[in-house]
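Since every read-out is calculated from the coordinates, none of them should be taken as a lab result. If you're wondering where the values come from, they're calculated on a predicted model, not measured in any experiment. A quick note on method: Cβ atoms are made from the backbone with ideal geometry, for glycine too, and the neighbour counts reach across all protein chains shown.
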Amino acid sequence: MTKRLILLSLVLSTCLLVLGLGAHASGAGVLEAGSQRNTPKGEGVIVAMGNSLTAGYGISESEAYPALLQKQLAVDGYACRVVNAGISGETSSGALSRVQWILTLKPDIVILETGANDGFRGIDPVLVEKNIDETVRILHESGATVVLAGMQIVRNLGKEYTDAFNAIYPRVAQKHGVILIPFFLEGVAGEPELNQADTIHPTARGYEIITKTVYPYVVKAIEKRKAKGPQNP
Amino acid sequence: MTILEAQQLTKTYRLGDREICVLDGVSVAVAEGEFLVIQGSSGSGKTTLLTLLSGLDKPTSGRILLEGIDITDFKEEELAPLRNTSIGFVFQSFHLVPSLTAIENVMFPAELRHDHDAEEKANILLRRVGLLDRAGNFPHQLSGGERQRVAICRALINNPKIVFADEPTGNLDSSNGKAILDLLLELQKERRATLILVTHSQEIARTSDRIIFLKDGRIAAHGLGSHQGGRDGFSEQHHVS
Amino acid sequence: MFHKSFIRRQLTRSRQQTVVFVLCVVLSMVTLIALDSFSRSVNESMLMDARTLHAGDIIIHSHYDFSPTLDDAVGSLVKQGLIQAARVYDLYSVVRTAGDKDSLLVDLKIVEPGYPFYGAVELKSQRPLEKVLTQGNIIVEQGVLDRLHLQAGDTLNVGEATLMIADVVLHEPDRPVNFFSLGPRVFVSSRDLEALNLVQKGSRVDHLYLLKVQDPGNVDRLAAELRDVATPDRERVDTYRTAGSRIKRFFDNFLFFLDLIAIFTLLLAGIGIQSAVTAFLQEKEKTVAIMKAVGATNRFITLQFIVVLCLLGLAGTVLGVLLGFFLQNFLPFVFQGLLPQNIRTGISGWAVLKGFFLGVFAVAIFTSLPLYRLRDLKPAVIFRKEETGNRRGLPFYLTVLGVVLVFAAMILWQLRDVRIGLYFISGVGVLIALATLLSEAVLLSIRKRKIKSLPLRQAFKGLFRPRNATKAVIVTLTASLSVIFSITLLDKNLDANFIQSYPEDAPNVFFLDIQTSQLEAFSRELGIQAEYYPVVRGRIRSINGEPVDVAREWQRRGDNLAREFNLTYRDYLLKDEALLQGESLFRTGVEGVQVSVLDTFAEANGIKMGDRIAFNIQGVPLDTTVVSIRTRTKEFIQPFFYFVFQEKVLKAAPQTVFTAVRLPPREISAIQNRMVASFPNVSVIDLTETVQVFARILGKLSGITRFFTLFSIIAGVLILVSSVLATRFVRTQETVYFKILGARRSFILKVLTLENGILGLLSALIALLLSQAGSWTISRWIFDIAYHPFPLWSLLMIFSTLALVVAVGLVSSISILRQKPVIFLREQTEE
């Protein structure tokens, strides 16, 4: 019995390690096989690429922002499919590694939300910027319209670090001329009522605000694509 | 010829701070094939004499000679083979090994000396006493008379020179007792064994070759049984000392 | 009503039986007292430790700054002089060396003076914390110096302040609560809090209030008061008692396990008591019959014997307590290293009282049956020389039922857990039933055998002698041996699986988030042969068409199906894996996607071969069929995966690579530096400390377990002795008859040895069979480890049992061997 306990705790800790730290697991989801089907006429596929903040850790998949976004778009007459491609615990290096995979989803628009886990692990902002820059470049060059979700890292890491980190997003967005959401968690970060007990992951109500934050930029991206004319998927 | 000889046997016990003399200088010689009866009232020392003669107990003083060999100072280990082959016992309360069947009880002494014919001999004896059909029964499944017959068979299986019997009919009713005794005597005759018998019964005593009457640890009288012709068992009585 | 001289006589005679009886009582007392004292000591030290672990009496925790109401409440309590308070801020931050050359993520702990209220922060210089941790000074873990190539006296930029490294921290009382951390520790004085400017809106900080309550009796009341004003769900108020640490839970479980062993020992001691009392009363049967014949009532007789047994029980209890006190000095030696230094192993009045109560209870229960039998005794026994069988009427069975029920209630009381108590009782029941069944079968089969050798046959006969407790002895021996064997086997298996396998190859350092593109360079740089595991994240959509209910799954306390799983791919089994079902990891010629599932997941979720699991791998649906079920055979700390796919299926999916390696502890910092310099995105986790601590505790625990199983071995020996005594009359009788019939001493010795040998061998063999089956089951299904039958150890256990049983049998038969035939015969005739 006792030994079993030790075992369990060891196995558990191993488990946690494998799962990745910071943000452990995700429960929310990806839209049903929709990602592989042909997109509805004139509208398109929006891929929400990101970490647990996109995946919706600890809440139901229908409550995370990609699902809310699709609902809101539908209300306003956009028949877009929003694919939740969030992987909890993913760092910007991970994002860069799977960008080719994302492209197989043939996205029209990619909302890229990454970097927070790098911040939690104190990874050098130079590396984070390099990763995000490269990811945006590949996405952009593929013809997808990129919406980069700006992130502000927790301030306990120190002014030097947070300043360097927070500056990454505007700089990369400007460099590639992609749409920037100034701060993805605007009005949510640091609010006890809008976050789960771990203070990191938003609640369903938090996601409503995030959706409101993200929404205009997505609409902007859709309009931008329309202006550019029809694209080959 | 004398097979067993006791010289000046004395046995004393300590009982608390008292010293009790149970046997006091008893001498007796038993001839081969003789049927000797030891009699006496309760506490006269007859059972003690029997245990000393049979080597089950050591005398305080005096000597015992079996076939001319002094066995008085024999150790238990030296006595064991004697008991196994030269001596047979029949007790008042049978003393059968409870975990063994009738035939196994009979066979046991023979098996101890690695006699390969043990089973055959036991069968012969049991048939002789009319218990062949009860051979597989355990002692507690047998009546008192049956148990004693098994005990007699066990005492005789190794063809001992001497059979000691201590009130073998004491726990049996009179008719059963008579039958058992007759059987014992018959077998004794058949096998030409010496029989030393402790009994209260005058009737049995009369059938003996010789009677020793004990009183307070001494031989009070010698008598002749019916075989010597005297009708009165104590016709030639005399005091030893 | 009491007959003093009668009672005295009963006490002074039948010495051997009384000794065994008293010893059984002593044993049960000592077991209970030792265990209770141990658990109490552990509990006490754990509470003390809990205080140390939390560094205070009351701990208030929040992820946000404390609410003004709570802050005020604490402030007013401090003002009233009821408490002392210290605030602690725990946060991660990136510190930089002078000139911002290097930076490192560290775990900052900003503390107010007073911290820690309990325990001590040990510094390399041996100075007290408050002397060193003054404004402008910081204290760091050695890792900080190693990683940044600094030494004490250098400065470090923390937040917006530049602080001097004043010392190195060796040990921190409240550190073990957190098993691992992303960065090494840095202590900062709260006087530098403002200057750091790290705790502000947008910071992620663990806020702690540590309170020391002046009057210990006030802890719970004050905590309740504070809880009333705290913001629900955000500010958590705990006392050192309620804040359960993992270590506390771990010990609770361990103590529970020992409790089970103690109960088992109690059961065995009880059987010993019963058998000793039976033997004791058997000798008194004639006396009782005579008493009845002269008109004593059952009531009177029973009362006299109850007094006798009570006196004996009391003697045993007193002796047990004395021995317990002796053990008090011995216990710390046994538990050394397992318990914290400050633990007091002592005997509490409560333990003595409880042990006393349970002991008396056990005596009462286990003597009731033999005492009950006295009632059936007829005066006629005086006239009979042979034994009569016991009649077993309804009252007898009712008494048996009563004994069982009372004992069951006792177990439930001791365990304080109805479910496990019932499991235990049914477990013991099944064990005894199996032991009875098996021994019955074996006895029946040998009873029919024809055996040539006389001593051997006689030995077998002896097993079936009337009134012999053969069956009872075999059953009790088998049951106790099964438990002892099982514990030994399990211990060996755990040892082989964990402790022995640990030092050689168990990994102590984990590297996470290696990117596929870095793999080659990483492996070259690391320069150590290692298994690299690709990790692909994915979720389960449905199992056999049944969709996963996300909302419900997240409510589950343990693992849940809605989380993201780590999938991997490879076409081979790992060294520590074996197939449970399926001929190979994957099959050829099967359509569709195949998946191999780990047995633990399969069991937990009822997955069978051929089941269909639908995955969602980052937007791509993947319908799979289960083609094999794997199990893990060895190292528990090796990484494992629930789902393994074929390489071709997942090769292209987004993935990171993970590896676990064994590094010499001293080189870890250097290697970590080198790897992080080349691969800044890779995270390193060092588990050396944790694993070592666990390995040490495991070793120690098995020592303690063995110490307590020793008690049950002693109980087994006592049962044996008392059973020899119980059959003393019959044994003596046989020995005497054998002697009269001319058997030598060597023959009798041979029979005795063989008889006990058969008894021991039978019990040992049946017990081995049961324990092998039981241990296999437990290893396989509960511990989830590979099972080794340990044939040599099994043989050794059988031989030691044999030797022990034969030795105990011979020693307790010495007086029987010495018995002079004539004396026995005379007693038989004269009585």
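Of note:
- Sequence-distant contacts, meaning Cα pairs under 8 Å at least 6 residues apart, place the relative contact order of chain B at 25 percent.
- Within the stretch C:58-239: Cβ-based charge dipole about Cα centre, in debye rounded to nearest 20 (Lys, Arg +1; Asp, Glu -1): 220 debye
- Axis angle, to the nearest 10 degrees, between helix B:118-128 and the longest C-alpha principal axis of chain B: 80 degrees.
- Share, in percent, of DSSP beta bridges within the stretch C:58-239 that are antiparallel, nearest 5: 75 percent
- Between residue C:318 and residue C:625, full extension at 0.36 nm per residue minus the direct alpha carbon distance yields a gain of 103.8 nm.
- When the Cα positions of C:568, C:629, C:543 are compared along the charge dipole of the stretch C:529-662, C:568 comes out farthest toward the positive end, with charges on each C-beta of Lys, Arg, Asp and Glu.
- Shape call, the stretch C:529-662: gyration tensor on alpha carbons, a/c limit 1.5: rounded
- The distance from the alpha carbon centre of the stretch B:80-108 to that of the stretch B:147-200 is 12 Å, rounded to a whole number.
- Rounded to 10°, Cα long-axis angle of helix B:174-191 versus longest principal axis of chain B: 90 degrees
- Against the main long axis of the alpha-carbon atoms of chain B, helix B:76-85 sits at an angle near 60°.
- Extending 7 Å from the Cα toward the beta-carbon at both residue C:530 and residue C:516 defines two label points whose distance is 2.0 nm.
- Residues residue C:297 and residue C:397, FRET efficiency given R0 of 22 Å [Cβ-Cβ distance, rounded to 0.05]: 0.35
- Cβ-derived FRET efficiency at R0 22 Å, residue C:448 paired with residue B:132, nearest 0.05: 0.50
- The stretch B:128-233: C-alpha gyration tensor shape, a/c 1.5 cut-off, then a/b vs b/c: prolate
- Dipole moment magnitude, nearest 20 debye, the stretch A:21-228 about Cα centre, only Lys, Arg, Asp, Glu C-beta charged: 720 debye
- Put a plus charge on the Cβ of each Lys and Arg, a minus charge on the Cβ of each Asp and Glu, and nothing anywhere else: the dipole of chain B about its Cα centre is then about 340 debye.
- Shape of the stretch A:21-228, Cα gyration tensor, a/c cut at 1.5: oblate
- MRE, 222 nm, helices only [DSSP H, n ≥ 4, -39500 (n - 2.57), over chain B, to nearest 500]: -9500 deg cm²/dmol
- For the stretch B:130-223, the relative contact order is 23 percent, taking Cα pairs closer than 8 Å that sit 6 or more residues apart in sequence and dividing their mean separation by the residue count.
- The stretch C:356-377-the stretch B:1-37 distance, computed between alpha-carbon centres (Å): 50 Å
- Value of relative contact order over the stretch C:529-662, rounded to a whole percent, pairs C-alpha under 8 Å and six or more apart: 37 percent
- Among C:299, A:121, C:234, sorting on how many other beta-carbon atoms sit within 10 Å of each Cβ, with the fewest leading, yields C:299, C:234, A:121.
- Signed unit charges on C-beta, dipole axis of chain B, positive-most listed residue B:40, B:188, B:15: B:40
- Dipole of the stretch A:139-222, positive end: most advanced residue of A:215, A:174, A:204 [Cβ charges, Cα centre]: A:174
- Footprinting exposure proxy for C:155, A:114 (fewest neighbouring C-beta atoms within 10 Å first): C:155, A:114
- Comparing B:114, B:222, B:140 in a Gaussian network model of chain B, where Cα atoms under 10 Å apart are tied by springs, the biggest mean-square fluctuation is seen for B:114.
- Checking the Cα-Cα distances for C:109/C:131; A:106/C:651; C:378/C:739; A:130/A:175; C:471/C:820 against a 21 Å cut-off, the pairs over it are C:378/C:739; C:471/C:820.
- Comparing mean-square fluctuations of B:124, B:180, B:211 from a GNM of chain B with C-alpha springs under 10 Å, the top value falls on B:124.
- Summarising the label geometry, the points placed 7 Å from Cα in the beta-carbon direction at residue C:122 and residue C:612 lie 6.1 nm from one another.
- Neighbour-count order for C:568, C:753, fewest beta carbons within 10 angstrom listed first: C:753, C:568
- Residues whose amide H lies under 5 Å from that of residue B:4, counting only those 5 or more places away or on a different chain, are B:30, B:67; hydrogens are built 1.01 Å from N in the peptide plane.
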